[in-house]
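> For reference, the structure I am asking about is given below.
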Amino acid sequence: MLRYLPFLLVLALWIYAFIDCLNTPEQEVKHLPKVVWVIIVLLFGEVLIGPVAWLVAGRDRKAAAGGSTPSAWHRNHRTEFVAPDDNPDFLKSLKDEAVPSKDVKDEALLKDWEADLRRREEELKRRENGDDPQQP
């Protein structure tokens, strides 16, 4: 099994370089046209010359997006984090919200239902006692 490892590593490097070459935009390819790089990677893949040449010299490598080097825009546009309770604009927006909350609306509706229930109970008691003038 160990004797197949070098072959598998060469194959993996060749496949990676080939797919990377195909997926690279034409503007990022250096020194030669993209078609020539694909042919070089394919023809010289077994001896590692093609894939290594592509990885070293064929593509314009840029720093990773999450790398440690900030871009010029980020260096010039730094913002400090402000917690919501320290942000005067956020606190003002809370005060401007004069809309009653759902709990207040629910409480008002519950009070209306209770008042209606009391009124109906009183009407039923009057009917039972015969005090209701609306009874036929």
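> Counting only residues 5 or more places away or on other chains, whose amide H sits under 5 Å from the amide H of residue 59 once H atoms are built in the peptide plane?
Sorted by chain and number, the residues that satisfy this are 30.
> Would you kindly find the accessible area of residue 26, with a 1.4 Å probe and non-protein molecules such as ligands, DNA and RNA excluded, rounding to the nearest 10 Å²?
We get 110 Å² for residue 26.
> Determine which aspartates and glutamates satisfy two conditions relative to residue 111: a Cα distance under 17 Å, and not lying fewer than 8 residues away in the same chain.
Filter leaves 103, 121, 122.
The values are calculated or read from the model by the stated rules, or taken from the named source; none is laboratory data. These figures come from a predicted structure and were not determined experimentally. These accessible areas exclude ligands, DNA and RNA; they are computed on the full protein's heavy atoms, side chains included. Shrake-Rupley method; radii C 1.70, N 1.55, O 1.52, S 1.80 Å.
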